[in-house]
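Report on the structure given below.
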Amino acid sequence: MTTISEFPTTLPDHTQLPESDGTFVKNFQEHPQSILLTESIEPILRQLHPDGQYAIGQDSGIYWRLTEPPERGAEAPDWFYVPNVPPTLDGQMRRSYVMWQEIVSPLIALEFVSGNGQEERDRTPYEGKFWVYEQAINIPFYGIYEVTKASVEAYHLVEGRYSLLPTNDRGHYPIPPLGVELGIWQGRYKNVELPWLRWWDSEGNLLLTGEERAEQERQRADLAEQENARLREQLRALGIEPDTL
């Protein structure tokens, strides 16, 4: 019989738990997909958290129970966001997110399907991802993205159960606490044409990466220069030298 003295007197933190279960990223698309989600939503998160108190995990473990080996007590969403927590702990980068250390649950978790989607929809108690996110970690929003089907489905935690969210008239899933929408964008990113998972604002405007914003500004500058050149030519055709005005 186990006695009280045999239980640990202190719980391990993120520096004492494994940061990897030995698996690797399953395909070349997952890493750029995570970067795309993070980079494009960061301006929104900085507005929501002017104090910088938020964390984003990319293929990082969320420890929700003590097990042996420890990795069995963790799930690693491909992408997740936690509001109102520091991005680092004790001056260190987070190795994982430990529920008994943090208390605050992620607001949204996203999984990128690389197989048939069975793992991401597994409702097996204490084992399946879907069950763990819904019942154990209680993540309010959960998205399952399948690049091969060019689709995403999103769930909202309602009275302790995930309910499939309806899409709006743009075919996107609104995430009200963030003021954004989640959906599929067909386009080229990192030199690859794919149906990427992306964010839009509540008005339906695509949230851009820094590179896309820079390219947009270059195009605007080019158009302005072309328009200026056209006006100068029109003035010269009227016998007016633009530089004398």
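Tabulated results
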item: Any hit, region 102-117, residues being within 14 Å of residue 144 (Cα to Cα) and of a type in the set (Phe, Trp, Tyr); result: yes
item: Only listed residue being polar (S, T, N, Q) and under 21 Å from residue 39 (Cβ atoms), chosen from 167, 209, 244, 148; result: 209
item: Top-ranked residue in region 169-200 [being over 27 Å from residue 55 (Cα atoms) and acidic (Asp, Glu); ranked as surrounded by the most Cβ atoms within 10 Å (Cβ to Cβ)]; result: 193
item: Cross-chain or 6+ apart pairs with Cβ under 6 Å, region 134-145 first and surrounded by 18 or more Cβ atoms within 10 Å (Cβ to Cβ), then of a type in the set (Asp, Glu); result: 144/111; 144/120; 144/153
item: Residue check for residue 59: at pLDDT below 95 and more than 27 Å from residue 175 (Cβ to Cβ); result: no
item: Residue satisfying condition, being among the small types (Gly, Ala, Ser) and either in contact (Cβ under 8 Å) with a residue 60 or more places away in the chain or not assigned by TED's automatic domain parsing to the domain that holds residue 38 (or both), within set 171, 210, 183; result: 210
item: Options 120, 153, 127: the member that is in a loop (DSSP other than H, G, I, E, B), surrounded by 14 or more Cβ atoms within 10 Å (Cβ to Cβ) and charged (D, E, K, R); result: 120
item: Per-region count, region 91-102, residues surrounded by fewer than 17 Cβ atoms within 10 Å (Cβ to Cβ) and touching a residue at least 24 places away in the same chain (Cβ under 8 Å); result: 3
item: Flag for residue 105 being out of contact with any Gly (no Cβ under 8 Å at 6 or more places or on another chain), in contact (Cβ under 8 Å) with a residue 60 or more places away in the chain and part of a loop (DSSP other than H, G, I, E, B); result: no
item: Subset of region 36-65 (residues that are surrounded by 17 or more Cβ atoms within 10 Å (Cβ to Cβ) and outside any helix (DSSP H, G or I)); result: 54, 55, 56, 57, 58, 59, 60, 61, 62, 63, 64
item: Some residue of region 132-139 being under 19 Å from residue 11 (Cα atoms), assigned by TED's automatic domain parsing to the domain that holds residue 12, modelled with pLDDT under 95 and assigned to a loop (DSSP other than H, G, I, E, B); result: no
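The values are calculated or read from the model by the stated rules, or taken from the named source; none is laboratory data. Everything numeric in this text was worked out from a predicted model, so none of it was measured. Reconstructed Cβ throughout: ideal geometry from the backbone, glycine too, with neighbour counts over all protein chains shown.
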